[in-house]
Amino acid sequence: MSSSQFSSESGPYDDSEIVTIYDEEGRSLDCYVENEIEYDGKNYVLLMPTDLAIVILTEETNTEDEEYPETIMVEDSDEIEAIFDDAKAVLGELNLYLKRTGFILSASGELPPLEENNIISLEIEEHISEIEPEELQFLASFYCLEQKYNICTPLTPILFVGERKKLGKIEVFQAEEEELSWILEELLFEEYEDN
């Protein structure tokens, strides 16, 4: 589990609690507490990033079938580091500010209007502590390292599940932890019932 430090700020539009979680490299990510449940003496929270989640895609040519390259999500730290400045500049033209935050890349600013021809449907394997989207909004593309990259944002919110510890710390669950699926179902169900 990764830990976080609790903060009691309020969201810009409502009274949602905001907490800061940290990944294993110490990078922070501010999240709204969407829901909280207590079970067996423990408090579990459902978290949603305060900024837009950003996904960078590229194509990888399979040597067996060069006609149909596979679309993959860029996850390698070194590759992200190499293309980050270009991605940041391209998003800056849309008045979006790209950030290297914990767990995910994120951006602040207002999204351009969603148009049907800017929706990309994609199968993405689950990441640690995340519900992965299948539909993404295309934002921009750029070339770097002789490769084309597409910058997108998920249409389905990225969510994290954590346990609130003493002194306000939150430990974010890893995907392989058995409790996660049951707790996530409960948190989502409770949130749906409240709305």
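The values are calculated or read from the model by the stated rules, or taken from the named source; none is laboratory data. All of these numbers come straight from a predicted model, not from anything done at the bench. Cβ placement follows ideal geometry from the backbone for every residue including glycine, while neighbour counts extend to all protein chains displayed. What goes into the accessible areas is simple: the full protein's heavy atoms, side chains included, and nothing from ligands, DNA or RNA. Shrake-Rupley method; radii C 1.70, N 1.55, O 1.52, S 1.80 Å.
Descending by average beta-carbon neighbour count within 10 Å, the peptides 19-25, 116-122, 159-165, 103-109 line up as 159-165, 103-109, 19-25, 116-122, the highest first. Accessible area per residue was computed with a 1.4 Å probe on protein heavy atoms; ASP30 scores about 60 Å². Surface listing: TYR143, TYR44 arranged by accessible area from highest to lowest gives TYR143, TYR44, probe 1.4 Å. May I ask you to give the percent of accessible area on segment 19-105 that is carbon plus sulfur, with a probe radius of 1.4 Å? Of the solvent-accessible surface of segment 19-105, carbon and sulfur hold 38 percent. Note on LYS99: lysines with a C-alpha under 25 Å away, same-chain residues under 8 apart excluded, are LYS88, LYS148, LYS169. Listed by chain and number, the lysines placed with their C-alpha closer than 24 angstrom to that of LYS165 are LYS42; residues fewer than eight positions away on the same chain are left out.
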